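Here's the structure, in structure tokens; my notes come after.
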Amino acid sequence: MQTEDKLLIRALRGETLARPPFWLMRQAGRYLAEYRATRQRAGSFLDLCFNADLATEVTLQPIRRFGMDAAILFADILLIPHGLGQPLDYREGEGPILQPIRNVAELAALRMDALHQRVGPVYETVARLAAALPKDVALIGFAGAPWTVATYMVEGKGSRDHAIVKQWAYSDPDGFAQLIQLLVTATVEYLGRQVDAGAEAVQLFDTWAGALSETAFRRWCIEPVRQITGQLRQKYPNLPIIGFPRGAGAGYQAFARTAGVNGVSLDWTVPLDWAAAELQGPNSQGKVTLQGSLDPQLLVIGGQAMDTEVRRILETLGQGPFIFNLGHGIVPETPPEHVSRLADMLRG
């Protein structure tokens, strides 16, 4: 099937479909026994990301099991800092650990010239997936959005309050902007190579968008994404782009209107009726395809509670251009049989 005929691409072009396409964030992951076995073979998490054979395998695993309408490249949002030369490690029970960068002087340690060499296996994985996926399954490439990637680079790890990165952004906005602009440039390069290798759509994950005030959200979340979408479209004018500003609340409206994306992925806190009217509907200023937004914990418990919410999402958002997904990624304790049940419901 040609790219333009795939359900995900049609939805991102603005079509309202009788059966909305579906895929799930973190659909390749620890809830699957086959993933855990492959992860053990790989050694470290970074080794898995940079082994094209194994990264291709784990990307395909949920497609074989559940028949999603799209596969998303198996990688990680922190591969760009790694590619720029920032030391990165993943420690069991701690998550990602980076050598922090906390002022303009320390930005000198980051270099664009080795980016593609250091992350080159990712592009090989994309190319292998493009050749291996079923003809009706779309391939999504991705990157972290600059604000979220910067939070890890500055904090040196995950953070609850993002105090250190916000202090830099608020006290020295011109200096912090240098880091954001470097990430804009690197993200455009990184996603462009994914598209060249065969990605048919891309998603920008701004996981910590909800940590900022309204003014800061516009500067550090919307504006960098707007630059990325604009630069990508200069070379790939028809590339579908999804943005996910998790936790943005009412800020979703400004994001949909000005970030230049085709699709907006919703977290589970966004009221469905409001999203349909203000983001997706014909009277909304920034009409976009919506994606989301089942709470991952409902996929854990399954049963009637899950079924009821799935139907409500479909009934509310399925009246316009829509892609079914979760409001964030699958959690490791999710029973695979619940994902099978969800897939059966969505295929009708």
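The values are calculated or read from the model by the stated rules, or taken from the named source; none is laboratory data. Because the structure is predicted, anything quoted here is derived from the model rather than measured. Methodologically, a virtual Cβ is constructed for each residue, glycine included, from the backbone with ideal geometry; neighbour enumeration extends over all protein chains shown. Just the protein is used for accessible areas: all its heavy atoms, side chains included, with ligands, DNA and RNA removed. Shrake-Rupley method; radii C 1.70, N 1.55, O 1.52, S 1.80 Å.
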>> Under 8 Å between Cβ atoms, which residue pairs at least 6 apart in sequence (or on different chains) link something in segment 205-217 that is closer than 21 Å to residue 142 by Cβ with a partner that is open to solvent by 60 Å² or more (accessible area, probe 1.4 Å)?
In response: 211/161
>> Considering only segment 37-49, I want to know if a residue exists there that is without any contact (Cβ under 8 Å) to a residue 40 or more places away in the chain, in contact with a helix residue (DSSP H, G or I) (Cβ under 7 Å, 6 or more places away or on another chain), surrounded by fewer than 18 Cβ atoms within 10 Å (Cβ to Cβ) and farther than 21 Å from residue 343 by Cβ.
In response: yes
>> So for segment 85-102 (the condition being touching a residue at least 12 places away in the same chain (Cβ under 8 Å), over 25 Å from residue 2 (Cα atoms) and of a type in the set (Ser, Thr, Tyr)), does at least one residue qualify?
In response: yes
>> Among the numbered criteria (1) part of a loop (DSSP other than H, G, I, E, B); (2) open to solvent by 10 Å² or more (accessible area, probe 1.4 Å), which one does residue 253 miss?
In response: (1)
> Which residues, taken from segment 57-77, are in contact (Cβ under 8 Å) with a residue 40 or more places away in the chain, under 18 Å from the mean Cα position of the chain (by Cα) and surrounded by fewer than 22 Cβ atoms within 10 Å (Cβ to Cβ)?
Replying inline: 60, 63, 77
> Counting just the residues of segment 187-243 that are of a type in the set (Val, Ile, Thr) and within 21 Å of residue 131 (Cβ to Cβ), which one comes out surrounded by the most Cβ atoms within 10 Å (Cβ to Cβ)?
Replying inline: 202
> What number of residues within segment 149-173 are modelled with pLDDT of 95 or more and either within 12 Å of residue 107 (Cβ to Cβ) or basic (Lys, Arg) (or both)?
Replying inline: 7
>> Return the residues of segment 225-244 that are over 20 Å from residue 70 (Cβ atoms) and not in a helix (DSSP H, G or I); say none if nothing qualifies.
In response: 237
> helices (runs of 4 or more DSSP H) wholly in segment 264-348 with at least 2 residues that are open to solvent by 50 Å² or more (accessible area, probe 1.4 Å) and among the polar types (S, T, N, Q) - which ones?
Replying inline: 303-317
> Can residue 190 be described as under 30 Å from residue 13 (Cβ atoms), among the hydroxyl-bearing types (Ser, Thr, Tyr) and assigned to a helix (DSSP H, G or I)?
Replying inline: yes
>> Return the residues of segment 123-160 that are open to solvent by 30 Å² or more (accessible area, probe 1.4 Å) and touching a Ser or Thr at 6+ places or on another chain (Cβ under 6 Å); say none if nothing qualifies.
In response: 128
> Residues of segment 112-122 being surrounded by fewer than 21 Cβ atoms within 10 Å (Cβ to Cβ) and assigned to a helix (DSSP H, G or I), which ones?
Replying inline: 116, 117, 118, 120, 121
